[in-house]
Amino acid sequence: MSTLTVKEAKSLRFTTMDVDPQATPGFKGDKAAIEKNAEKVDAELRELQEKLYANARSGDNPGSVLIVLQGMDTSGKGGVVKHTLDPLDPQGVHIASFGKPTEEELAHDFLWRVEKQLPAQGKIAIFDRSHYEDVIVHRVHQLSSPEEIERRYGAINDFEARLVKSGTRVIKVFLHISRKFQKENLLERLEDPEKYWKYNPGDVDERARWDDYMEAYRIAFERTDTDAAPWYIVPSDNKPYARLVVKMLLLDVLRSMNLDWPAPDFDVARELERVKNS
Ligand code: AMP
Ligand code: MG
């Protein structure tokens, strides 16, 4: 099991959070083995993404992909964004981060700011936090009424079902870390001047509500795990493992799109002649 397979990555589709964040299901190997795996995956991801992008550039509608990342502070969302997109052509990717809403965003429905960031045809978008904050942090801090939060689970399911119907594949990932691991990560940020910029004193206040967050996540997964837009709960205390899993999930989706190189809309033989004679 020093090679993680797509099947094993997909078995992380859990609707419970009982998985041990330190575990590496489907994989027994060290960091070097993970990197070796990732290299192979990267090569295939690169080719499939180029095909996806090429099809859109040729005027077809190959669809698009959206990866939604959620996780507690220090769970490695930034690292997953970086490593997943690293092998890809930047022209074909789109990154959006969702922090505290602005005044303007607050004046609209919670999905307004999300819709603006959806991937165009041929693109792979990755969300660092998402519309799920509007049911997670809103539940924990009672920023919305229970009735409104209840309404939102349904609105999210409708929204994602529409997205999928219009050709966007949706992968939802929860980077599941342990409370202990978060503490280690926060301490690390305070011990290294090069990491101060990553430290946010507010993270310690959120950390105090750990159990409330886990409960909010548990409910959100129960309410919004659908076949169209499934949730994957990825044990993430081992960051290289978590990054590899996300790549595998993306690989699986790209493979399922049956992508091919776009056919030319010109006569190749004739164009060859023209260029040679030019
Ligand atoms: P970070 O991703 O660590 O830079 O932090 C972003 C912060 O914005 C987190 O504390 C989120 O919980 C918060 N946030 C994101 N979306 C919302 C939202 N819709 N309402 C309230 N807070 C949010
Ligand atoms: Mg943070």
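Data table
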{"read-out": "Filter result (of a type in the set (D, E, K, R), under 15 Å from Met214 (Cα atoms) and within 16 Å of ligand 2 (Cβ to nearest atom)) within region 128-144", "value": "Glu133"}
{"read-out": "Meets criteria (within 30 Å of Lys51 (Cα to Cα) and in contact with a strand residue (DSSP E or B) (Cβ under 8 Å, 6 or more places away or on another chain)) for Ile171", "value": "yes"}
{"read-out": "Count - residues of region 102-114 that are surrounded by fewer than 18 Cβ atoms within 10 Å (Cβ to Cβ) and outside any helix (DSSP H, G or I)", "value": "5"}
{"read-out": "Test: residue in region 67-80 that is assigned to a strand (DSSP E or B), within 12 Å of ligand 1 (Cβ to nearest atom), over 17 Å from Ile124 (Cβ atoms) and open to solvent by less than 20 Å² (accessible area, probe 1.4 Å)", "value": "yes"}
{"read-out": "Within region 84-101, considering residues that are of a type outside the set (A, V, I, L, M, F, W, C) and open to solvent by 70 Å² or more (accessible area, probe 1.4 Å), the one nearest to ligand 1 (Cβ to nearest atom)", "value": "Lys100"}
{"read-out": "Count of region 89-112 residues which are hydroxyl-bearing (Ser, Thr, Tyr) and under 17 Å from Val68 (Cα atoms)", "value": "1"}
{"read-out": "Number of positions in region 219-247 that are touching a helix residue (DSSP H, G or I) at 6+ places or on another chain (Cβ under 8 Å), over 20 Å from Phe27 (Cβ atoms), assigned to a helix (DSSP H, G or I) and among the hydrophobic types (A, V, I, L, M, F, W, C)", "value": "2"}
{"read-out": "Filter pass, Leu186 being out of contact with any His (no Cβ under 9 Å at 6 or more places or on another chain), open to solvent by less than 80 Å² (accessible area, probe 1.4 Å), within 16 Å of ligand 1 (Cβ to nearest atom) and outside any helix (DSSP H, G or I)", "value": "no"}
{"read-out": "Only listed residue being open to solvent by less than 30 Å² (accessible area, probe 1.4 Å) and either more than 10 Å from ligand 1 (Cβ to nearest atom) or among the small types (Gly, Ala, Ser) (or both), chosen from Ser64, Ser145, Ser58", "value": "Ser64"}
{"read-out": "Single residue of Lys172, Lys198, Lys165 found to be away from ligand 2 (no atom under 16 Å from the Cβ) and open to solvent by 80 Å² or more (accessible area, probe 1.4 Å)", "value": "Lys165"}
{"read-out": "Positions within region 201-219 being open to solvent by less than 60 Å² (accessible area, probe 1.4 Å) and either away from ligand 1 (no atom under 15 Å from the Cβ) or charged (D, E, K, R) (or both), in sequence order", "value": "Asp203, Glu206, Arg207, Ile219"}
{"read-out": "Some residue of region 124-146 being farther than 23 Å from Asp73 by Cα and either touching a His at 6+ places or on another chain (Cβ under 7 Å) or of a type in the set (D, E, K, R) (or both)", "value": "no"}
{"read-out": "Identity of the residue in region 220-256, β-branched (Val, Ile, Thr) and more than 16 Å from ligand 1 (Cβ to nearest atom), that ends up surrounded by the fewest Cβ atoms within 10 Å (Cβ to Cβ)", "value": "Thr226"}
{"read-out": "Positions within region 115-133 being within 15 Å of ligand 1 (Cβ to nearest atom) and either open to solvent by less than 10 Å² (accessible area, probe 1.4 Å) or at pLDDT below 95 (or both), in sequence order", "value": "Ile126, Phe127, Ser130, His131, Tyr132"}
{"read-out": "In region 96-127, the residues that are closer than 18 Å to Leu254 by Cα and within 16 Å of ligand 2 (Cβ to nearest atom)", "value": "Phe127"}
{"read-out": "Number of the condition not met by Leu163 [criteria: (1) touching a helix residue (DSSP H, G or I) at 6+ places or on another chain (Cβ under 7 Å); (2) touching a residue at least 12 places away in the same chain (Cβ under 8 Å)]", "value": "(1)"}
{"read-out": "Residue check, Asp42 over 25 Å from Ala216 (Cα atoms) and crowded, with 16+ Cβ neighbours inside 10 Å", "value": "yes"}
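The values are calculated or read from the model by the stated rules, or taken from the named source; none is laboratory data. All figures in this text were calculated on a predicted structure; none of them were measured in a lab. Note that we place each Cβ from the backbone using ideal geometry, even for glycine, and neighbour counts take in every protein chain shown. What goes into the accessible areas is simple: the full protein's heavy atoms, side chains included, and nothing from ligands, DNA or RNA. Shrake-Rupley method; radii C 1.70, N 1.55, O 1.52, S 1.80 Å.
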